[in-house]
Amino acid sequence: MDIRKELASIIVGDLNSRWPYATTFLAKNDLEIEDDPSQKLSEVASDELLDQLAEFIIEMESFLSDDEEVVDEITIFGGNCKNGEPEGVRELTIRVGEVICIVGPTGSGKSRLLADIEWVAQKDTPTGRSVLINGHTPESKWRTSSEHKLVAQLSQNMNFVMDLSVEEFLTLHAESRQTENPEEKIQQIWNDANALAGEPFDLDTPITSLSGGQSRALMIADTAVLSKSPVVLIDEIENAGIDRQKALDILVSQDKIVLMATHDPILALMGDRRVVINNGGMKSVVEPSEEEHANLVDLRALDDRMMKLRHRLRMGERLDEV
Ligand SMILES: Nc1ncnc2c1ncn2[C@@H]1O[C@H](COP(=O)(O)OP(=O)(O)O)[C@@H](O)[C@H]1O
Ligand SMILES: [Mg+2]
């Protein structure tokens, strides 16, 4: 409905529930409306003021709707394998809160699938896949605007070129995202990152001197706390020497879509589903069985033993007894 027409007939008592910011606007223009809720707004406000209010509301609505845009699901339509034949999975929809694992031999196309999602492919990548957001062909902003990145990418190679301390880097990041309570968020990221990384680091540590595991941990915590991107892509996290279980917990708790390429059985079984990649194509989608879930207990115990051995080795102990 035309907002100007609506303003012409709306009663004062309905204004606040319809547009909560309208009364503030009117107050700023020296019109206090509180006396009689059944009175028509047009009786107390001039035509000129109503014109201005209509314009203001239109701006506010477009501003707010932009910010409130929510991604509930993404859909991947299958393309072609490396040999040009159609890939097995023709359609895959992933919803917010889901963790999808991507498994397959090295060179099979796991990173390619993540890249297709990051780029919101529209049959314009080597695989010919297309990606829909909430069931629709995505608006171009998902590809072009840096504020509206679909994906927070945690990539295999984290290259820090900037000569900043951890704190400076996080401050910069928080400011560019216009975060509320930046100091609190920075503390939280630093705490989370240190919980993930084997070896703690300080806020004044230069980014460039972080180990691979530490910078990965920092990126995961940063993504979880600061990123508005609805989709998180994780490419082979297992080699980074961080607490994988905790990393996944931190990311999953943020109501995002998580896609994770992995060779790690524990991570793979923790996913809601896993996509099997072969020869460049999505071959099948597998749901973990009850037996697999039951095996997680044993796998975690095994993993725990390995972690402890690794720790002892690091501390300079001998492993004569394991
Ligand atoms: N369906 C496909 N069609 C053409 N090239 C592909 C396809 N899938 C993957 N590739 C290419 O194969 C190479 C290896 O894929 P990559 O995703 O890096 O494998 P992985 O991450 O599983 O080790 C890359 O150059 C990638 O672009
Ligand atoms: Mg890869």
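We did not get these values from a lab; they are worked out from the coordinates using the rules stated. Please read these numbers as outputs of a predicted model, since none were measured by experiment. Cβ placement follows ideal geometry from the backbone for every residue including glycine, while neighbour counts extend to all protein chains displayed.
If a/c stays under 1.5 just call it rounded; otherwise compare a/b with b/c (prolate if a/b is bigger, oblate if not). Do that for region 3-68, with a ≥ b ≥ c from the square roots of the Cα gyration tensor eigenvalues. Please report the intermediate quantities before stating the final value.
Working: a/c = 1.74, a/b = 1.60, b/c = 1.08.
Prolate shape, in that a/c is at least 1.5 and a/b is the bigger ratio.
With the cut-off at under 17 Å, measuring from each backbone N in region 253-294 to a point 7 Å along the Cα-to-Cβ line of V70 picks out 253-258. Each label was represented as a point 7 Å from its Cα along the Cα-to-Cβ direction; for R300 and R273 these points are 2.5 nm apart.
Calculated on the alpha-carbon coordinates, the convex hull of region 1-116 measures out at 170 cubic angstrom per residue.
Could you calculate the contour length gain from N181 to E292, that is, 0.36 nm times the residue separation minus the distance between their Cα atoms, to one decimal place in nm?
On the way: separation 111, 0.36 × 111 = 39.96 nm, distance 4.23 nm.
Contour length minus Cα-Cα distance gives 35.7 nm.
Note on E168 and N80: their simple-model spin labels are 4.9 nm apart, each label 7 Å out from Cα toward Cβ.
The gain in end-to-end length when the E43 to N191 segment is fully stretched comes to 47.6 nm, 0.36 nm per residue minus the alpha carbon separation.
Estimated purely from DSSP H runs of n ≥ 4, each contributing -39500 (n - 2.57), the mean residue ellipticity at 222 nm for the chain is -13000 deg cm²/dmol once divided by its residues. Dipole orientation for the chain: of the candidates I57, S9, I100, I100 has the Cα lying most toward the positive pole (charges on Cβ; Lys, Arg +1; Asp, Glu -1).
Measuring spread by the Cα atoms of the chain yields a radius of gyration and Dmax of 25.5, 90 Å.
Under 5 Å from the amide H of M260 lie the amide H atoms of I100, C101, I102, I234, each residue being 5 or more positions distant or on a separate chain, with H modelled from the backbone and absent for Pro and chain starts.
Using DSSP, restrict attention to beta bridges with both residues in the chain and report what percent are antiparallel, rounded to the nearest 5. Intermediate results must be reported in sequence, preceding the final value.
Numbers: 20 of 37 bridges.
Of all bridge pairs located within the chain, approximately 55 percent are antiparallel.
With viscosity 1.567 mPa s and temperature 4 °C, the Kirkwood radius over alpha carbon pairs of region 273-314 converts through Stokes-Einstein to a diffusion coefficient of 102 µm²/s.
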